[in-house]
């Protein structure tokens with residue numbers, strides 16, 4: 001005959017057995033709940049010792065005989081009080097059933113309804129791609145350009161620290177709330193350089209409709225009917241202001257810009273950049289070396305590039321209110337897109353121009369950094385730096401774009417300004433002096449190489 005055994009899941013749980021039987025008061029751990037049900041002092045426990053085990057309702061074996069009832073035992077009277085006693089669980093089976101249904105519904109919805117997650121931004125997807133796959137020749141151009149400028153930044157900073165070991169660059173890494181960031185490397189008051197900066201900048205953002213309409217003048221691929229467009233911009237900028245007035249200031253900037261759809265697919269792109277030399281005292285051999293090195297980089301891609309971009313540079317780095325150029329030029333180009341050449345060719349051209357910087361400038365600074373100079377020559381250098389500040393703050397489009405970009409890092413944008421500058425009222429150089437010769441060249445650009 002089958003034995004009558006309670007369910008093993010509740011056999012050792014006295015509280016659960018009492019609840020299922022709906023006969024016993026709640027165990028002491030529920031005393032706090034009982035106080036809410038029966039205001040006033042707590043009642044004493046109905047029993048002091050552990051109650052005898054009784055079979056759970058509904059588990060008696062069908063073959064087991066029903067417990068005998070003594071004829072002399074009085075028949076228990078049904079209670080007329082329908083209000084449940086304090087401390088008892090009301091309708092336990094209904095509560096358990098409702099709980100099971102509710103939990104089941106929640107679990108079912110978790111597995112059958114798709115989770116509504118916010119889609120990752122283009123910047124987040126690019127970060128994940130770099131972390132998982134690295135950057136390869138098949139990566140999007142924006143990631144390849146970012147990799148190029150960061151590698152060149154490290155190489156240039158290392159070369160300049162070898163040239164001027166008296167100080168180390170201060171390196172600041174920063175991020176943008178909407179994606180991107182940059183690395184600013186700045187050197188101040190060193191032996192060779194009064195101020196030097198080599199900065200990378202990566203920007204993810206959104207172009208509003210007015211900005212799109214303005215850019216369509218040079219880029220017809222932009223959709224004129226959209227309200228906004230996601231964009232990416234990456235660039236490497238460098239400005240070096242030497243201590244010695246005989247050593248020239250130099251600047252370069254190479255950048256890449258693209259617009260994208262919501263999935264990160266590029267729909268318009270272009271390259272820009274250039275480099276120029278700004279001496280306080282003109283040495284013809286320095287100017288020739290600088291321009292020749294740049295021309296060689298241009299000629300590898302197009303024999304017409306140097307003359308075309310040199311003229312563009314002379315026109316761009318011009319201070320209208322002074323009637324003179326900022327320096328003796330170099331090259332400048334912008335908005336080079338598919339109408340110019342294919343993307344790979346223009347990327348290669350930009351890379352060659354960038355890697356030509358150190359060969360174009362290091363021989364010059366090494367030759368001039370230790371030359372003797374006078375206080376008068378230092379004063380002239382400060383006046384020329386004043387012209388540099390005027391152009392950068394009034395006319396430079398890169399400075400304007402940076403300062404008007406939401407979340408812009410002003411310190412990095414104004415890194416290009418010299419540490420010191422000077423303005424004198426109605427200053428004119430002496431006739432026949434080296435200072436006057438420089439001004440003549442600045443007012444009438446020279447063709448340094450053919």
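Just so you know, all these numbers are worked out from the coordinates, no wet-lab data involved. What you see is a predicted model; the values in this text were computed from it and never measured. Note that we place each Cβ from the backbone using ideal geometry, even for glycine, and neighbour counts take in every protein chain shown.
Annotations for the structure displayed:
- Across q = 0.20, 0.27, 0.32 Å⁻¹, segment 402-450 modelled as identical point scatterers on its alpha-carbon atoms has Debye log10 I(q)/I(0) values of -0.85, -1.02, -1.15, in the order of the q list.
- Point-to-point label distance, residue 102-residue 168, nm (Cα→Cβ direction, 7 Å offset): 6.2 nm
- Cβ crowding within 10 Å averaged over residues, with 174-180, 236-242, 188-194 ranked highest first: 236-242, 188-194, 174-180
- Alpha carbon centroid spacing (whole Å) that separates segment 331-398 from segment 241-320: 6 Å
- Tensor-based shape of segment 368-426 (alpha-carbon gyration tensor, a/c under 1.5 rounded, otherwise prolate or oblate): prolate
- Highest average packing first - 100-107, 138-145, Cβ atoms within 10 Å: 138-145, 100-107
- Rounded if a/c under 1.5, otherwise prolate or oblate - segment 325-374, Cα gyration tensor axes: oblate
- Convex hull of Cα atoms in segment 347-450, direction-averaged projection (nm²): 10.2 nm²
- Sorted largest first, the spans of the alpha carbon positions of segment 159-299 along the three principal axes are 54, 35, 23 Å.
- Cα gyration tensor shape for segment 270-366, rounded if a/c is under 1.5, else prolate or oblate: oblate
- Counting all C-alpha pairs of segment 122-443, share separated by more than 24 Å (%): 55 percent
- Residues of segment 146-182 with amide N under 14 Å of the 7 Å Cα→Cβ point at residue 358: 149-164
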